[in-house]
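Data first, discussion second: the structure below is written as structure tokens.
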Amino acid sequence: MCTVTFVPGDNGVLLGSSRDENTGRTPALSPQWYGAPGKRLLYPRDPKGGGTWIAMGENGHTGILLNGAFIKHEYRPPYSRSRGTILPAILLHDDPVMAFRNLPLAGVEPFTIVLYGNNTLFECRWDEKVRHIRELDAATAHIWSSATLYDETMASERRSWFNAWLAQHPATSADALRQFHLTGGMGADAAYAIRMERETSMRTVSITIVAITSASASMRYTDLLNESQTELSCFHAPATASADV
């Protein structure tokens, strides 16, 4: 939930998510389909909060959540609901952005959600007081770093690593994007490398890559603690802007 990438290509789009979490937290469950046919969502589930940080619908609509909005906020529990329950709530709607506009958020800790579907890319932020919704260029690559773990100096350097990687991978693939999430910034300070590790037991515990084409959508989940992989797909994604995925 702490590093998110978006890469468009000739045959579809790729989205990547690295989850940075305390290793003492109960491990997430590998991705499964939840819900009834036609309204199912695919996501890894956090047993503690019952939600998730990344989810994909049968229609290809995909959302990824990062903790924090613009700056590191003060932690003030109790909160009205877990942020991890937000994604399933809005992705069950045909228009997730409108669902975000209407969802009651009073008492919810700040977060950022990246939403992609129907060739559109949105960034939705909640700063504890105001919703911020911005449509982004879906023909351009983007990277986000969680405001709770990475200050602007760290985030800026991470953007430079991403841009350098893009220059070397003009026609990327799901495997190549996964490799970036594994090795980006290698040799720099491990506290803010893309696969990060800190003395506080905070580290990157999983990497998820979603690949969406005009014919299908897939999710590959890598559990870095258990060294296991899960990949599931569906073949009902709508037509999208045309990454060799």
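The values are calculated or read from the model by the stated rules, or taken from the named source; none is laboratory data. The model shown is predicted, which means the values in this text are computed figures rather than measured ones. A quick note on method: Cβ atoms are made from the backbone with ideal geometry, for glycine too, and the neighbour counts reach across all protein chains shown. SASA here: full protein model, heavy atoms, side chains in, ligands and nucleic acids out. Shrake-Rupley method; radii C 1.70, N 1.55, O 1.52, S 1.80 Å.
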Subset of the stretch 25-70 that is among the polar types (S, T, N, Q) and closer than 21 Å to PHE111 by Cβ - its residue that is surrounded by the most Cβ atoms within 10 Å (Cβ to Cβ): THR52
Failed item, numbered, when THR85 is tested on (1) open to solvent by 10 Å² or more (accessible area, probe 1.4 Å); (2) of a type in the set (Val, Ile, Thr); (3) in a loop (DSSP other than H, G, I, E, B); (4) farther than 25 Å from ALA141 by Cβ: (3)
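Mind checking which residues of the stretch 158-175 are open to solvent by less than 20 Å² (accessible area, probe 1.4 Å) and part of a helix (DSSP H, G or I)?
We begin by selecting, within the stretch 158-175, every residue open to solvent by less than 20 Å² (accessible area, probe 1.4 Å); these are 158, 162, 172, 174.
Once the filter is applied, which keeps residues that are open to solvent by less than 20 Å² (accessible area, probe 1.4 Å) and part of a helix (DSSP H, G or I), the stretch 158-175 yields ARG158, PHE162, ALA174.
Restricting to the stretch 1-24, give me the number of residues that are part of a loop (DSSP other than H, G, I, E, B), charged (D, E, K, R) and either open to solvent by less than 60 Å² (accessible area, probe 1.4 Å) or in contact with a strand residue (DSSP E or B) (Cβ under 8 Å, 6 or more places away or on another chain) (or both). Spell out how you get there, then give the answer.
Within the stretch 1-24, the first condition is being part of a loop (DSSP other than H, G, I, E, B), and the residues that meet it are 1-2, 9-11, 23-24.
Cutting the leftovers down to charged (D, E, K, R) gives us 10.
Adding the requirement that they be either open to solvent by less than 60 Å² (accessible area, probe 1.4 Å) or in contact with a strand residue (DSSP E or B) (Cβ under 8 Å, 6 or more places away or on another chain) (or both) leaves none.
Adding up the residues that qualify gives 0.
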Filter pass, ARG101 being out of contact with any Leu (no Cβ under 7 Å at 6 or more places or on another chain), part of a helix (DSSP H, G or I) and among the charged types (D, E, K, R): yes
Single unsatisfied condition, ALA171 versus (1) within 20 Å of GLY63 (Cβ to Cβ); (2) at pLDDT below 95: (1)
Unmet requirement for TYR150, which otherwise passes all of (1) out of contact with any strand residue (DSSP E or B) (no Cβ under 7 Å at 6 or more places or on another chain); (2) not in a loop (DSSP other than H, G, I, E, B): (2)
Pairs where the first residue, in the stretch 22-38, is under 22 Å from ILE209 (Cβ atoms) and the second is open to solvent by less than 60 Å² (accessible area, probe 1.4 Å) and among the basic types (Lys, Arg), C-beta under 8 Å, 6+ apart: ALA28/ARG19
Of residues in the stretch 190-232 being in a loop (DSSP other than H, G, I, E, B) and of a type in the set (Val, Ile, Thr), the one surrounded by the most Cβ atoms within 10 Å (Cβ to Cβ): ILE194
Search result, residues across the stretch 39-80 that are within 12 Å of the chain's Cα centre (by Cα) and of a type in the set (A, V, I, L, M, F, W, C): TRP53, ILE54, ALA55, MET56, ILE64, LEU65, LEU66
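Can you tell me which residues in the stretch 104-122 are buried (at least 17 other Cβ atoms within 10 Å of the Cβ) and under 20 Å from GLY51 (Cβ atoms)? Write out each step before concluding.
As a first pass, look at the stretch 104-122 and keep what is buried (at least 17 other Cβ atoms within 10 Å of the Cβ): 105, 108-117, 121-122.
Of everything in the stretch 104-122, those that are buried (at least 17 other Cβ atoms within 10 Å of the Cβ) and under 20 Å from GLY51 (Cβ atoms) turn out to be LEU105, VAL108, GLU109, PRO110, PHE111, THR112, ILE113, VAL114, LEU115, TYR116, GLY117, PHE122.
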